[in-house]
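Data first, discussion second: the structure below is written as structure tokens.
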Amino acid sequence: MQPQTVHLFVYDTMADWEPGYAVAGINNPEYQSQPGRYRVQTVGTADKATTIGGITIIPDLSLEEVDPAGSAMLIIPGGAVWDGDGIPEVMEKARELLAAGVPVAGICGATVGLARAGLLDDVDHTGN
């Protein structure tokens, strides 16, 4: 079985602790009813991202390379950027994925970005 890809969006100043449990669970076969079904790939809009905790992450893919047909989910962590203008490129990718039926998970402040983009208007959700 070919694993499905869960994409984790990484960006400068992202709250690095927020996706920790999710990605650990996705990658740990003990938490899966079908071990090996999913894998995590990081995606970004730059060559590297430095988290709020100072961790440098080199994305596996650019955001433009994410194809809805090859994505099981997009996870967008929170961070202070969502208190401002956010990251329009990831909101457009989220819109594209949602239109194709791919789930998008916003964590903490990223739910504000999704709401401001109008992506939560017609769906049940929780968030800030």
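The values are calculated or read from the model by the stated rules, or taken from the named source; none is laboratory data. Model, not experiment: these values are computed from the prediction. Every residue, glycine as well, gets a Cβ built from its backbone with ideal geometry; the counts of neighbours run over all protein chains shown. These accessible areas exclude ligands, DNA and RNA; they are computed on the full protein's heavy atoms, side chains included. Shrake-Rupley method; radii C 1.70, N 1.55, O 1.52, S 1.80 Å.
At-a-glance table
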item	result
Accessible area (Å², 1.4 Å probe, nearest 10) - residue 48	120
Cα lying deepest toward the dipole's positive end in segment 14-71, options 56, 20, 41, charges on Cβ	20
Helical mean residue ellipticity (222 nm; -39500 (n - 2.57) per DSSP H run of 4+; nearest 500) of the chain	-6000 deg cm²/dmol
Relative contact order of the chain, defined on C-alpha pairs under 8 angstrom at six or more residues apart (%)	27
Antiparallel bridge percentage (DSSP; both residues within the chain; nearest 5)	20
Assigned charges on the beta-carbon of Lys, Arg, Asp, Glu; the chain dipole about Cα centre (debye)	320
√(5λ) per eigenvalue of the Cα gyration tensor, the chain, largest first, Å	21, 18, 14
Computed magnitude of the charge dipole of segment 72-128 (debye, nearest 20; Cβ of K, R +1, Cβ of D, E -1)	120
Area accessible to solvent at residue 64, 1.4 Å probe radius, in Å²	130
